[in-house]
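One structure is given below, encoded as structure tokens.
The values are calculated or read from the model by the stated rules, or taken from the named source; none is laboratory data. Note that the coordinates shown come from a computational prediction; the quantities given were computed from them, not determined experimentally. For neighbour counting, all protein chains shown are included, and Cβ atoms are generated from backbone atoms with ideal geometry for every residue, glycine included.
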Amino acid sequence: MKKNVLFLATLLCFSVFVQAEEKVHNPFDPEKHDPEVLYKIKDQMMQMSYQWIDLQIMAAQTSANQSEIHSTLNTMEKSAKKIKNLNKNKELDGYMVSLIGRMQLMKQNNKKKDMVALKQNLDFMSDTCFKCHSANAFPSESNGK
């Protein structure tokens with residue numbers, strides 16, 4: 001119960017952060033993206049966040065469905081590749097390459113039913129996402145990796 005409450009609190013904070021982020025500034029340079037592309041990127045990022053949450057829920061279960069985890073990782077990887085292809089800010093490519101590589105590693109770990117690795121990789125992915133968003137918001141403070 002305590003873990004569920006903590007997870008829901010984290011989810012709430014994440015959703016508030018996303019909404020605040022949208023109101024504070026445009027996370028992509030409008031000179032490099034047209035509005036249609038920005039909406040496509042936003043849609044794919046939202047899909048990835050939903051998939052990440054699904055994986056968090058599965059990782060919290062005592063007996064996770066490896067087939068469902070693999071399917072979710074495949075879908076998430078497709079979203080990440082779409083974002084990488086749509087994004088014109090090449091300084092952020094390193095983050096997407098890192099996420100895609102991590103998803104591939106997670107699929108290998110999933111075959112071994114390694115739930116500890118799944119949880120660690122989800123933490124890595126979360127950290128990478130926040131670093132990418134920060135690098136995009138404050139490009140002078142980051143080298144894009």
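Of the residues examined, Lys40 is not one that is surrounded by fewer than 13 Cβ atoms within 10 Å (Cβ to Cβ), modelled with pLDDT of 90 or more and over 14 Å from the mean Cα position of the chain (by Cα). A count restricted to the stretch 40-59 and to residues that are touching a Lys or Arg at 6+ places or on another chain (Cβ under 6 Å) and small (Gly, Ala, Ser) stands at 1.
Scan Lys88, Lys119, Lys131, Lys113 and give me the residue that is out of contact with any His (no Cβ under 7 Å at 6 or more places or on another chain) and not in a helix (DSSP H, G or I). Selected residue: Lys113, the only one of Lys88, Lys119, Lys131, Lys113 that is out of contact with any His (no Cβ under 7 Å at 6 or more places or on another chain) and not in a helix (DSSP H, G or I). Among the residues making up the stretch 43-77, those that are within 10 Å of the chain's Cα centre (by Cα) and either surrounded by fewer than 16 Cβ atoms within 10 Å (Cβ to Cβ) or of a type outside the set (S, T, N, Q) (or both) are Met45, Met46, Met48, Tyr50, Trp52, Ile53, Met76, Glu77.
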